[in-house]
1. Return the residues of region 66-82 that are within 12 Å of Tyr101 (Cα to Cα) and exposed (fewer than 15 other Cβ atoms within 10 Å of the Cβ); say none if nothing qualifies.
2. What are the residue pairs meeting all of these: first residue in region 138-153, first residue over 12 Å from Leu117 (Cβ atoms) and β-branched (Val, Ile, Thr), second residue assigned to a loop (DSSP other than H, G, I, E, B) and modelled with pLDDT under 95, Cβ atoms under 7 Å, and 6 or more apart or on different chains?
3. Those residues that are in contact (Cβ under 8 Å) with a residue 40 or more places away in the chain and small (Gly, Ala, Ser), I need them from region 37-96; list them, please.
4. What is the number of the single condition among (1) among the aliphatic types (A, V, I, L, M); (2) under 22 Å from Ala70 (Cα atoms); (3) within 13 Å of the chain's Cα centre (by Cα) that Ala126 does not meet?
5. Restrict the check to region 136-154 and report whether at least one residue is over 14 Å from the mean Cα position of the chain (by Cα) and more than 30 Å from Asp74 (Cα to Cα).
6. Taking helices (runs of 4 or more DSSP H) that fall entirely within region 73-169, which contain at least 2 residues that are modelled with pLDDT of 95 or more and of a type in the set (Lys, Arg)?
7. Select, from Tyr123, Tyr63, Tyr101, the only residue that is crowded, with 16+ Cβ neighbours inside 10 Å, of a type in the set (Phe, Trp, Tyr), out of contact with any Leu (no Cβ under 8 Å at 6 or more places or on another chain) and under 23 Å from Ile162 (Cα atoms).
8. Answer yes or no: is there a residue in region 162-171 that is in contact (Cβ under 8 Å) with a residue 60 or more places away in the chain and buried (at least 17 other Cβ atoms within 10 Å of the Cβ).
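The values are calculated or read from the model by the stated rules, or taken from the named source; none is laboratory data. A quick note: this is a predicted structure, and the numbers were derived from the prediction, not measured. Ideal geometry is used to build each Cβ from the backbone, glycine not excepted, and the neighbour counts take in all protein chains shown.
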Amino acid sequence: MIRLIGLILAMVCASIPARAQEQSTPLLGNAPLPDGAPPVPGDQATFNQAAGEYDARDYARAYQTFLYLADHDDVAAMRNVALMKRRGQGTPRDPRGALEYLRQAADDGLPTAQADLAEMLLYGEAGPPDPQAALPWLQAAAKAHHPIAAFRLAEIYERGQIVPRDVAKAEQLYGEAAARGVPQAATRLNLLKSGAVSPPRP
């Protein structure tokens, strides 16, 4: 249960290659979030039941329980439904369906959903890649101190993708991501400050 209700930062303890967030991102617990994010509404007991089912790898039952909560406006459950749709856990893999649930949760201000939605848009998981659409969600999640979102946004500023190239902004965001446990951010920050590297490839 601690794994499911743990802080968002737990997801960045391991290395994070370009598209590994989907597999490394844990389900989100139904608890108040740090940095002023709104508390998540919902039925805590039922959410805990779904979390227990997920931990027991009873994905079909967990999915149905999370889906029930999501359909009753539980924002954390919406994100968990989306993650299970992305992975095909307890339900057929459905990137487009995942995108819609993430969009609902992101619209409600959940930073983890904003980051996940941005990643799906950025890498084209449910259609053609759309970095322009991903940008505002990355910015919102990074503003809420989501470490992976800060790292992805730093890459965009470093390479001048969508936005004008801004090395100072990239360094700031890499620094924030590094401070929250993203090892690649620290590496990239050091290389960037050395002035001996070119921007990362898209």
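1. Asp71, Asp73
2. Going by the 7 Å Cβ cut-off, the qualifying pairs are Ile148/Ile16; Ile148/Val182.
3. The answer is Ala37, Ala51, Gly52, Ala76, Ala77.
4. (3)
5. Yes, the conditions are met somewhere in region 136-154.
6. 75-87, 95-107
7. Unique residue meeting the criteria: Tyr123.
8. Within region 162-171 (the criterion being in contact (Cβ under 8 Å) with a residue 60 or more places away in the chain and buried (at least 17 other Cβ atoms within 10 Å of the Cβ)), the answer is no, since none of the residues qualifies.
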